[in-house]
1. Just to be sure I understand, how many residues within region 5-34 are in contact with a helix residue (DSSP H, G or I) (Cβ under 7 Å, 6 or more places away or on another chain) and either surrounded by fewer than 12 Cβ atoms within 10 Å (Cβ to Cβ) or outside any helix (DSSP H, G or I) (or both)?
2. Answer with yes or no whether K271 is open to solvent by 10 Å² or more (accessible area, probe 1.4 Å) and without any contact (Cβ under 8 Å) to a residue 40 or more places away in the chain.
3. Would a scan of region 572-592 turn up a residue that is part of a strand (DSSP E or B), assigned by TED's automatic domain parsing to the domain that holds K95, within 16 Å of the ligand (Cβ to nearest atom) and not hydroxyl-bearing (S, T, Y)?
4. Could you count how many residues in region 600-653 are part of a strand (DSSP E or B) and closer than 30 Å to P37 by Cβ?
5. In region 389-416, which residue that is open to solvent by 30 Å² or more (accessible area, probe 1.4 Å) and among the polar types (S, T, N, Q) is nearest to I362 (Cα to Cα)?
6. What tally of residues in region 654-684 results from selecting those that are surrounded by 13 or more Cβ atoms within 10 Å (Cβ to Cβ) and in a loop (DSSP other than H, G, I, E, B)?
7. In region 82-104, what residues are assigned to a strand (DSSP E or B) and either outside the structural domain of I231 (by TED's automatic domain parsing) or within 14 Å of the ligand (Cβ to nearest atom) (or both)?
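The values are calculated or read from the model by the stated rules, or taken from the named source; none is laboratory data. Keep in mind that this is a model prediction, so the values were computed, not measured. FYI the Cβ positions are ideal-geometry reconstructions off the backbone, even for glycines, and counts take in every protein chain you see. Just the protein is used for accessible areas: all its heavy atoms, side chains included, with ligands, DNA and RNA removed. Shrake-Rupley method; radii C 1.70, N 1.55, O 1.52, S 1.80 Å.
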Amino acid sequence: MKDKDPNNIEVLLKNPEVQAVTNNINQELIERRKYIPPKCKVFKSPYTLLKEDDFFNFNIDEEARKLLPNIIHNNVQILVGLDSPEESFKDRYCKKRHIGIVFSGGPAPGGHNVIAGLYEAAKKANPKTKIYGFLLGPDGIVENEAIEITGSLVDAYRNLGGFTMIKTGRTKIDTKEKMALSRETCKRLGLDALVIVGGDDSNTNAAFLAQEMIEDNVQVIGVPKTIDGDIQVRDADGHILCAMSFGFHTAARAFSNSISNLCTDSGSDVKYWHICKVMGRVASHLALEVALQTHANMTLIGEDLCDFIDKKRIEEAAKKNDIDYTAYGMTLRHLSRVICNGIVRRAEVGKNYGVIVIPEGILEFVNEIQVFIIKLNTIIAEYNDTHDTDFHTDFPALEDKLEYLRRLARRSREEQRFSVWNTRDDDLFNDIPGFFQEGLLMERDSHGNFQFSQVKTEKVLMGLVNDYLNILKENGSYKIGIEKSYYRKVLGKGGLDPDYFGPIIFKNYNDAELLLVKPSIISVKTLKMALEKEQAISEAEEIPKPIEKIYQKSVPKFKTQVHFYGYDGRGNNPTRFDCNYTYNLGLTVFSLIANGSTGQMAAIRNLEKDFEKWEPIGIPIAPLMHLEERKGKLTLVLEKSIVDVNSASFRIVKAFREKWLAAVPGDDNYRHPGPIRFAGESEEDRPITLVLNALG
Ligand code: FBP
């Protein structure tokens, strides 16, 4: 009896329907694993050849020339299909190889397909070739922790997001000891080639490893990965070689889906401003794409801020024959005013709600914060250089760190000598909230990057916005507009003459459909005073209920909901664009290896065009490097690409700003990209940023 009782949990668990709906392997997973991405035209041939192309020019940094002498003269390589090569070519191309691959840095959707492409091309060339996946990022190379990639592993992770197959890590191979251990690992595994799938810092690492391992005959190939979209490569003449790193499209689409849902929610219950911080450690590419995908009411773009010039202040200073240097570049305070302006304007037309998108790295573009970051980087680096211990170990608590800074400031004053940190810095720093001081003093990552994802950027900014809105409320300029027809209805219902009271309460009663309460009326008390002054009521009378109701409706409450979009997008299953892109990157990697390249980054040209026009290439990494401040020192790294304010995508977002703010009566202009649809026709086939930039 018991084993038939449907209420018995054991019976329930054995029910085939329960088993079907609770199985990890759902239809989405089955469909994804089944999908075989198309191959670029060149891969239709059984072999590929590399054609060196010296059409592309690079401005080579002297330091790169010095430190990477064996790979600095690499050229761009174009892959060409080859149907019947000579036997000697076939032997070289198809020789048995050992290839290691590693994921480095933050996850990005599509990484598993890079492995799939590489695995399939390598096995097709020679089934005896072995592919090793290093575990947990570069640590796996240093510590020789690797697994052999098998066909079933590739099939299990095909077209799936994240880097779960072999995981990732942020270790940098930056010491002689780590380099020696890495070389040792490559020797032990008998590697012919090492593939580094990573961002700017990891591709920098790839270049140094390529240089170092030339004498071991180990080829090193990089793959442009990062959701931030900041690996975009052009040559010195502006020719696009790599329009976008992989993972960007998926992350942007995932964020956009959630953010556009918030647009719908906020336009429905009309009471919240949703503050959406989106990843992108420095560059605002993700925020820009989200703006294009969702038409959120306000999207801040970091790169836009440093170009800002406050013309009014410059003009005022010029009248006094002076120059106001603080008018160049946007300050945090000014930025908060810009946001408030949008909020107040929407409130005036009755929309006390909306969606704001803030890029994670925005503070990098705010002058005063940038100065703090550079100064603190230098202080921490100098401390670590001159002490056996580490700044963060010696000063674990915020108060200890602040005390150390205070000491520096005091010393600079007493000894009257130049110091990176002086009393003015200390005073300014003490003006900012504790949680933000803590954020700015946080430990840098292993590459010396400031960890913006750990800082509550939105809290800093929205704190200032809140303060300023309170000031605007007190001076009567932040009000919710009331529809005239509604006002008339409420007063009519209460037996009052709307045309009599209208000019007493509102500043624009006779010339607008959305009525604004006079700035002098900022409380029930001042409302009563206004009515008494016009003898609409006597001192002894109470405010008529309908009028009080209208007044209360005009008082804005600034209520926010804060969201952070980042890690979720990195783990999302890839869009079809990213599936196809990464699979072909994997095929390109093998082609570069089989043709003997090293110090090159696999890439696909013409991503902004239809798939038929995609062109796999190898880009030399060394000529892309330049000197950058890291941990207080100038270091040779791959140059990050930030949003170009002259690009078509940015100019178009700027042109639509007013429309998307929608500070006019009527509907908002939200756009709904929908969830990432893997199958079917309605999935877009490339990022909007790419489409627009190709036109511009
Ligand atoms: P990568 O450059 O390694 O791809 O990582 C980018 C990123 O996703 C940033 O957008 C974000 O600031 C950072 O990683 C977060 O790092 P962590 O995973 O260490 O918290």
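1. Of the residues in that region, 3 qualify.
2. no
3. no
4. 13
5. Per the criteria, the residue is T393.
6. 17
7. Kept after step one, since they are assigned to a strand (DSSP E or B), are these residues of region 82-104: 82, 98-103.
Residues satisfying the conditions are V102, F103.
Rundown of residues vs (1) modelled with pLDDT of 95 or more; (2) assigned to a helix (DSSP H, G or I); (3) open to solvent by less than 20 Å² (accessible area, probe 1.4 Å), yes/no style:
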| residue | (1), (2), (3) |
| --- | --- |
| R346 | yes, yes, yes |
| G350 | yes, no, no |
| I369 | no, yes, yes |
| T378 | no, yes, no |
| A381 | no, yes, yes |
